[in-house]
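S.K.: Would you mind keeping the following structure in view while I ask a few things?
Every read-out reported here was derived from the displayed coordinates using simple, explicitly stated rules and does not represent laboratory data. This structure is a prediction, so every number in the text was calculated from the model and none was measured.
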Amino acid sequence: MIRFDSMAEADDGRRRASGTRAGAIRSGRRRQLLPGLASAASLLGGLLAFALAAGAAGTASADGSATRAPAPEGAELYIISPGDGDTVSNPVTVRFGLRGMGVAPAGVERPGTGHHHLLIDTELPAVDEPLPSIPGKVLHFGGGQTETTLELPPGRHTLQLVLGDHNHVPHDPPVVSKRITITVEE
Ligand SMILES: [Cu+2]
């Protein structure tokens, strides 16, 4: 775990220092070399970026709520697969769909972009502050990922996507997918 932590910090530092494009390329290359470690480090990097963003006082406006990035009209977020009502088995691959906006890693401020958050068996959190990070419940994809693979307990589960801006704050208006229900079989 210590090794993961130090890799994540290094990854986060590089990403902030060198800009996203170079960071993304480097991160892509490392992913090929060390698939398991790289994805864990990338996830932790996203969580660290979230912690940094949540701790940055500069992101809050005078009334205490975070500044929200505008969402382009007609932006649409949806779960490509699985489908609503599907019965699936583990591992469950969830593919994220986005129309009318682009995906950018956390920390990158670019109009009309954001990164994905997956809500598992969870109501939509407050949309005027950074989305929380709750293992197994509220997942951040701060590396700009557009799919993930989950291991879920057997039974019914809900999945919903919400886009967050560079500070993990939902856009205005919030870009949220339909909440789907799936059944995971034993
Ligand atoms: Cu986030």
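S.K.: Using the Karplus equation 6.51 cos²θ - 1.76 cosθ + 1.60 (θ = phi - 60°), what ³J(HN,Hα) coupling, rounded to whole Hz, does each residue of region 91-104 give in order, writing x for Gly and Pro?
M.R.: Using θ = phi - 60°, the values come out as x, 9, 8, 10, 10, 9, x, 9, 10, x, 9, x, 9, 9 Hz.
S.K.: Below 8 Å, C-alpha to C-alpha, sequence gap of six or more: please give me the relative contact order for region 76-184 in percent.
M.R.: 37 percent
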